[in-house]
1. Can you tell me which residue within the range 138-164, out of those that are among the β-branched types (V, I, T) and out of contact with any strand residue (DSSP E or B) (no Cβ under 9 Å at 6 or more places or on another chain), is nearest to the ligand (Cβ to nearest atom)?
2. Mind checking which residues of the range 70-105 are modelled with pLDDT of 75 or more, surrounded by 15 or more Cβ atoms within 10 Å (Cβ to Cβ) and either assigned to a helix (DSSP H, G or I) or at positive phi (or both)?
3. Pull up the range 14-50, narrow it to residues that are over 16 Å from I71 (Cα atoms) and among the aliphatic types (A, V, I, L, M), then point me to the one that is modelled with the lowest pLDDT.
4. I need every pair where a residue in the range 138-167 that is under 17 Å from F191 (Cβ atoms) has its Cβ under 8 Å from the Cβ of a residue that is acidic (D, E) and within 9 Å of the ligand (Cβ to nearest atom), sequence separation at least 6 or different chains.
5. Search the range 228-257 for residues being more than 12 Å from the ligand (Cβ to nearest atom), modelled with pLDDT of 95 or more and acidic (D, E), and hand back the single one that is surrounded by the most Cβ atoms within 10 Å (Cβ to Cβ).
6. From the list G208, G225, G216, G182, which residue is within 16 Å of the ligand (Cβ to nearest atom) and of a type outside the set (F, W, Y)?
Amino acid sequence: MLEVKKQEIRKTGVLEYYAPQGQGLKGVGGLENVKTWVESRKIWFEQDLEPEMRPRAILLEGFPGCGKTFIARAIAQEWCMPQINFEISRLQSKFVGESESNTFQALRAIEASAPNILFMDEIEKAFSGTGSDTSGVILWVQGCPFRCPGCQNPDFLEFRINQVVTVDYVWQVFQQLPDLAGISFSGGEPFAQAVALAELANLVQSIGKTVVCWTGYRLEQLQSGHVRGADRLLQHVDLLIDGLFIQQQLSDNMLRGSHNQELHFLSGRITEADLKNIPRQEWIINDTLLTYTGFPIQGEAVEQQLL
Ligand code: SF4
């Protein structure tokens, strides 16, 4: 069984499997605080009584070669858990959709082999776009009149109450976030809430920041006067990405999921030259979930609960 798991892990091409063999923390010099902490938590791996008490994650930070990988391996050995190494840098691929597909397979294999210690090396490479001139915050809205097969955000399609917030609240939060170039609207369909978003977009632009918006409508439809509030929102959008997602036209074009979708630089405040190093994947890590989102993986949405 162990051998089968190992083979499944290795088949992904981005994961390595290590059985829990070795002398654990005895082979590590110094780091007494870390050793005490790790030893005090060992009990939660030996008993299956309260799995929620197991440590969720440890962040090891340091310069290259300072022993992060070594200590991670020692911790897995100490807790008698298999260790799976996930190398983010090996995910990138020049082929359309392959990076996303690799991610999806890796997440499946990791989940299937639980419990384990997942060691994510060079995690910063998953966030390579952060800090660029286009860094910003995304606001997902609830409700979309379209139903594109393979939509990446199926939970946002139904018109229902999700999290009700006022424009003023979002504006207050936005102002407290440091060093952002602007805000992006996604969903769901932002133009289904065009009046409120126009007000927010106006405020964002008033302090010199930019607004990016994805929509399933075509620009011409939004300009036709048939979508309530569209003209007002368009006045405050710097970059519009328009068009439905068409699964058969999967694309790795910048910021687009399918070839039919187009970029419209409406204000000139964002240009094509600004669109550099924008990742096609996003990882959100909290206490219990590692969530992957991004552009479509052969039409499949991925959200895996790993821990
Ligand atoms: S328009 Fe966008 S959010 Fe709406 S169904 Fe299509 S892909 Fe999903």
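1. Of everything passing the filter in the range 138-164, I161 is nearest to the ligand (Cβ to nearest atom).
2. As a first pass, look at the range 70-105 and keep what is modelled with pLDDT of 75 or more: 70-86.
Those still in the list that are surrounded by 15 or more Cβ atoms within 10 Å (Cβ to Cβ) too: 71-79, 81-86.
Matches in the range 70-105: I71, A72, R73, A74, I75, A76, Q77, E78.
3. Among those residues, the one meeting the criterion is L49.
4. Short answer, once both residue conditions are applied: V141/E189; G143/E189; C144/E189; P145/E189; F146/E189.
5. Result: D238.
6. On the way: G208 fails: within 16 Å of the ligand (Cβ to nearest atom); G225 fails: within 16 Å of the ligand (Cβ to nearest atom); G182 fails: within 16 Å of the ligand (Cβ to nearest atom).
Unique residue meeting the criteria: G216.
The values are calculated or read from the model by the stated rules, or taken from the named source; none is laboratory data. No experiment lies behind these values; they were computed from the predicted model shown. Don't worry about glycine lacking a Cβ; one is built from the backbone with ideal geometry, like all the others, and counts go over all protein chains shown.
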